[in-house]
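As structure tokens, the structure follows; a few thoughts come after it.
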Amino acid sequence: MKNEIVLEVKNLKTHFISKKGIAKAVDGIDFVLRRGETLGIVGESGCGKSMTSLSILRLIPSPPGKIVDGEILLNGKDLVKMSNEELRKIRGNQISMIFQEPMTSLNPVIPVGEQIAEALRLHQGLSKRQAWDKSVEMIGLVGIPSPEKRAKQEPFQLSGGMRQRIMIAMALACTPEVLIADEPTTALDVTIQAQILEIMKDLQKKIGMGIIFITHDLGVVAEMCDQVGVMYAGQIVEHQNSATLFKNPLHPYTQGLIGSLPKLYEDQEELQIIEGTVPSPYDYPDGCRFAERCPFAQKMCIEKQPELIQYDEDMKVRCWKYTNQWQEESSSREMVTQ
Amino acid sequence: MKTTVIEKKAILQVSELKQHFVLKKEVMFQAKQVVKAVDGISFDLFPGETLSIVGESGCGKSTTGRSILRLDEPTEGNVLFRGQSLTKMNKRELRNIRGDIQVIFQDPYASLNPRRTIRQMLEEAMAIQKVLPPNQREARMLELMNHVGLRPEYLERYPHEFSGGQRQRIGIARALAVNPKIIICDEAVSALDVSIQAQILNLLKKLQKDFDLTFLFISHDLSVVRHISDRVMVMYLGKIVEISDTASLFKNPLHPYTKALLSAIPVTDQTQRKERIILVGDVPSPINPPGGCRFHTRCPFATDLCQKEEPTLRESADQHFVACHYAEKLSS
């Protein structure tokens, strides 16, 4: 059961069409999510990680956005081709989502218990009474003390950490197969973040859902995820087990990203930096999208875009450095210099 | 280095600073509601050092920065800058002194006027503080742009034309324009991506060296604080719970709150992960903070004494101050 694939994304492309041109926010993403597994998607602002998650739930505002290519297979069924009616049955039921700021996703004037119960009545066909009881049970499950009392309260009466717990309770009420968590702890303080992460891990063990964890925080990735996809300029540039990623990052961007983190238990005079800035999604270069900032870039990097290649078992990287052509080019250059 | 810092005379002395905000006045049977954002803190800032204030939301770290500059009038206490009392100054004197103490905020976009070019902003700052005669300002502006790593032609541009990292550089340039002695950095790198954050941190360190600046660095991010500070001060609900040099704070935290805070930080190297202390519950409301030690409601080691008596900030190890009744017992 555990290794069964629940979600498979193939060559997903989400573009935004405006007067300025076409912004390729997500530009050919592939990944596989298995039951009980956590896949992290990391990257900096504008890399397309949130757009990927919104695309999976078909929540891209359209127009201007559009999924122009690719498949999103949930248990083999393609979400891209589904009607709104069919999607409504899946959202909040088989796939749920938690966002960064719970206050904007909760209805401010309805008691939180009722908001959770609503999803249960809608998707699971429970009666009002049953749904309320289940809702209170869920609130208890995410570690909120005196759940009966809290269920009757409105969002503003709860703290930020509690609201995020309510969001988790709501997302998990219908025991989804996939949970998409988009920066779920970014707005929280570290001690509260630690609590929330612990609860998510705990509930994953109980329910067995696959989690797609979207974050910019590499520390959180290291703690939460089994697999990690590193995104840059709308593409996955590296995909590895999180255990090996931090020891052995392959892509120069990943190396730069890890290097630029201030270390908590190490003295550093100066931080490593990545020169330059991210290219505009309206106008990506022909070659490797990181070439302009890459310390290793050669002629071939600027000319032609590398594919995401299998470097080793469970290790994929989008970089010319790890191809045969690279070695040929390097050796021919050595011959010239000799 | 540690000892030389201490022998120097403090450039900024904060004593018994309190910042209370009245939410509701006393009416009939309802009690007065007062947020005690900062509740009696004292510390010294020495020339050339970086002192960080860390803590979670609502601990009073930003309010401390604002009270020092009197952006909010402090309720009580005294702040001395080179022996002059900031709290007793009139408006004009205060304006003059603000040239010596500058601030950089978290969101540079919100603190840059969108309808002014960079040139106009720098010009204005210099004019108000009368740093240079007008004919020398042009050269100074070019110099500033160079210091913060921006191209000179950007002087003619507006804030919206820049990325987040570049805007932060503009904020820094503007602060530097008036030759300050102290810069208060309030979450100055928190909104930036890690690769950009690294650029700005390196820049701040370099500028500190080049211009002999003193930083009061306010942040919630402990890895950033570890990297940039000489000394660190940890706040919880308006009080200082621990203050020490960076190395000993991270190696040997004494207060249970500091320990929990350090252990809660997710790290990429799982072998260095400390045993996690998960605190129960949320930070109590600063409106009616708990009596005794303010941390006792969440502290795993709290006793009756902690509920009754507030611990004072005392020197537990060499230059390592902590406000906990049981600091020594807990660390042994």
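Just so you know, all these numbers are worked out from the coordinates, no wet-lab data involved. Computed from a predicted structure; not experimentally measured. No Cβ is skipped: glycine too gets one built from the backbone with ideal geometry, and neighbour counts run over all protein chains shown.
If each Cα of the range B:1-113 is one equal point scatterer, what is log10 of I(q)/I(0) from the Debye formula at q = 0.12, 0.17, 0.22 Å⁻¹?
Results for the range B:1-113 at q = 0.12, 0.17, 0.22 Å⁻¹ read -0.52, -0.95, -1.34.
Based on the Cα atoms of chain B, what semi-axes does the equivalent ellipsoid have, where each is the square root of 5 times one gyration tensor eigenvalue, given in whole Å with the largest first? Spell out each step's value before the answer.
Details: eigenvalues 258, 110, 74 Å².
After diagonalising the Cα gyration tensor, the semi-axes are 36, 23, 19 Å.
Taking Cα pairs under 8 Å and at least six residues apart, what relative contact order does chain A come out at, in percent?
Numbers: 615 pairs, mean separation 65.4, N = 338.
That works out to 19 percent.
Provide A:Ser96, B:Ser163, A:Ser105 in ascending order of the number of other Cβ atoms located within 10 Å of each residue's Cβ, fewest first.
B:Ser163, A:Ser105, A:Ser96
Can you give the direction-averaged projected area of the convex hull of the alpha-carbon atoms in chain A, in nm²?
20.2 nm²
Tell me the net charge near B:Asp212. Cut-off is 15 Å between Cβ atoms, B:Asp212 excluded, with +1 for each Lys or Arg and -1 for each Asp or Glu.
Cβ neighbours under 15 Å give a net charge of +3.
For the range A:39-87, what are Rg and Dmax over the alpha carbons, in angstrom?
Looking at the range A:39-87, its Cα Rg and Dmax stand at 11.8, 34 Å.
To the nearest whole number, what is the average tally of beta carbon atoms from other chains within 10 Å of the beta carbons of peptide B:256-265?
3
Expressed as an acute angle from 0 to 90° and rounded to the nearest 10, what is the orientation of the C-alpha long axis of helix B:118-129 relative to the principal long axis of chain B?
With rounding to tens, the tilt is 70 degrees.
So how much slack lies between B:Arg276 and B:Arg92, counting 0.36 nm per residue of separation and subtracting their Cα-Cα distance, in nm?
61.2 nm
Considering the zone a paramagnetic label at A:Gln153 would reach in this model (a point 7 Å from Cα along the Cα-to-Cβ line), which residues of the range A:162-196 have amide N under 14 Å from it?
A:162-167
When the helix-only estimate is applied to chain B (DSSP H runs of n ≥ 4, each -39,500 (n - 2.57), divided by the residue count), what is the mean residue ellipticity at 222 nm, nearest 500 deg cm²/dmol?
When only DSSP H runs of four or more count, the value is -10000 deg cm²/dmol.
Placing +1 at every Lys and Arg Cβ and -1 at every Asp and Glu Cβ, with all other atoms neutral, what dipole size does chain A have around its Cα centre, in debye to the nearest 20?
That gives chain A a dipole magnitude of about 1360 debye.
Taking the convex hull of the Cα atoms, report for the protein assembly as shown its projected area averaged over all directions, in nm².
On the way: hull surface 142.5 nm².
Its Cα hull, projected and averaged over all orientations, spans 35.6 nm².
Per-residue mean of other chain beta-carbon atoms within 10 angstrom of the beta-carbon, peptide B:199-207?
3
So if I place +1 on the C-beta of Lys and Arg and -1 on the C-beta of Asp and Glu, and nothing else carries charge, what would the dipole magnitude of the protein assembly as shown be about its Cα centre? I want it in debye, nearest 20.
Dipole of the protein assembly as shown, to the nearest 20 debye: 1680 debye.
Could you compute the longest span of chain A free of GluC sites (Glu not before Pro) located in DSSP loops and having at most 16 other Cβ atoms within 10 Å, not counting the site residues?
Of all site-free stretches, the longest is A:5-265.
Determine the sum of side-chain charges near B:Lys181: Lys and Arg each +1, Asp and Glu each -1, restricted to other residues whose C-beta is under 11 angstrom from that of B:Lys181. Can you show the working numbers first?
Working: positive: B:Arg82; negative: B:Asp100, B:Asp212.
Charge balance in the 11 Å sphere: -1.
So if a site counts as exposed when it's one of the GluC sites (Glu not before Pro), its DSSP state isn't H, G, I, E or B, and it has at most 11 other Cβ atoms within 10 Å, what's the longest stretch of chain B without one?
Working: sites that count: B:Glu26, B:Glu275.
Here the longest segment lacking exposed loop sites spans B:27-274.
Among B:Cys293, B:Ser316, B:Thr258, flag the residue with its Cα farthest along the positive direction of the charge dipole of the range B:250-332, charges on Cβ as +1 for Lys/Arg and -1 for Asp/Glu.
Of the candidates, B:Thr258 comes out farthest on the positive side.
So which cysteines in chain B don't have a second cysteine's C-beta under 4.7 Å from them?
B:Cys59, B:Cys185, B:Cys299, B:Cys324
Send over the semi-axes of the range B:141-219's equivalent ellipsoid, whole angstrom and largest first, taken as the square roots of 5 times the C-alpha gyration tensor eigenvalues. Before the final figure, lay out each step's value.
Working: eigenvalues 69, 53, 23 Å².
Each semi-axis is the square root of five times an eigenvalue, giving 19, 16, 11 Å.
Work out how far the C-alpha atoms of the range A:114-163 reach from end to end along every principal axis, then list the three figures in whole Å, largest first.
The Cα atoms of the range A:114-163 stretch 31, 17, 14 Å along their principal axes.
Over chain B, calculate the relative contact order: mean separation of alpha carbon pairs under 8 Å at least 6 apart, over the residue count, as a percent.
After rounding, I find 19 percent.
Of A:Met209, A:Met51, A:Met82, which is the most mobile in a GNM of chain A whose springs link Cα atoms less than 10 angstrom apart?
A:Met82
Looking only at other chains, what is the average number of their beta-carbon atoms within 10 angstrom of each beta-carbon in A:268-278? Present the calculation step by step, with values, prior to reporting the outcome.
Numbers: counts 3, 3, 6, 12, 3, 10, 6, 2, 1, 7, 4.
The mean count of partner-chain Cβ atoms within 10 Å per residue comes to 5.
Using the Cβ atoms and a cut-off under 14 Å, what net charge is assigned to the surroundings of A:Ser53, where Lys and Arg are +1 and Asp and Glu are -1?
Combined, the nearby Lys, Arg, Asp and Glu give +1.
With springs connecting C-alpha atoms under 10 Å apart, model chain A as a Gaussian network and identify which of A:Tyr265, A:Tyr322, A:Tyr311 has the largest mean-square fluctuation.
With Cα springs under 10 Å in chain A, the top fluctuation among A:Tyr265, A:Tyr322, A:Tyr311 is at A:Tyr265.
Please rank B:Phe29, A:Phe31, A:Phe99, B:Phe301, fewest neighbouring Cβ atoms within 10 Å first, as an exposure proxy.
On the way: B:Phe29 5, A:Phe31 18, A:Phe99 21, B:Phe301 13.
So the residues, fewest neighbours to most, are B:Phe29, B:Phe301, A:Phe31, A:Phe99.
Could you pull out which residues in the range B:178-220 have an amide N less than 18 Å from a spot 7 Å beyond the Cα of A:Glu266, following the Cα-Cβ vector?
Zone members listed by number: B:194-199, B:201-202.
List, in order, the whole-Hz ³J(HN,Hα) value for each residue of the range B:168-181 obtained from phi through the Karplus relation with A = 6.51, B = -1.76, C = 1.60 and θ = phi - 60°; use x for Gly and Pro.
After applying 6.51 cos²θ - 1.76 cosθ + 1.60, I find 5, 5, 5, x, 5, 4, 5, 5, 6, 3, 9, 6, x, 9 Hz.
For the range A:134-235, what does the relative contact order come out to in percent, with C-alpha contacts under 8 Å and a separation of six or more? Working shown, then result.
Numbers: 82 pairs, mean separation 25.3, N = 102.
Value for the range A:134-235: 25 percent.
Rounding to the nearest 10 and keeping the result within 0 to 90°, find how far the Cα-based axis of helix B:134-147 lies from the longest principal axis of chain B.
Computed tilt is about 60 degrees.
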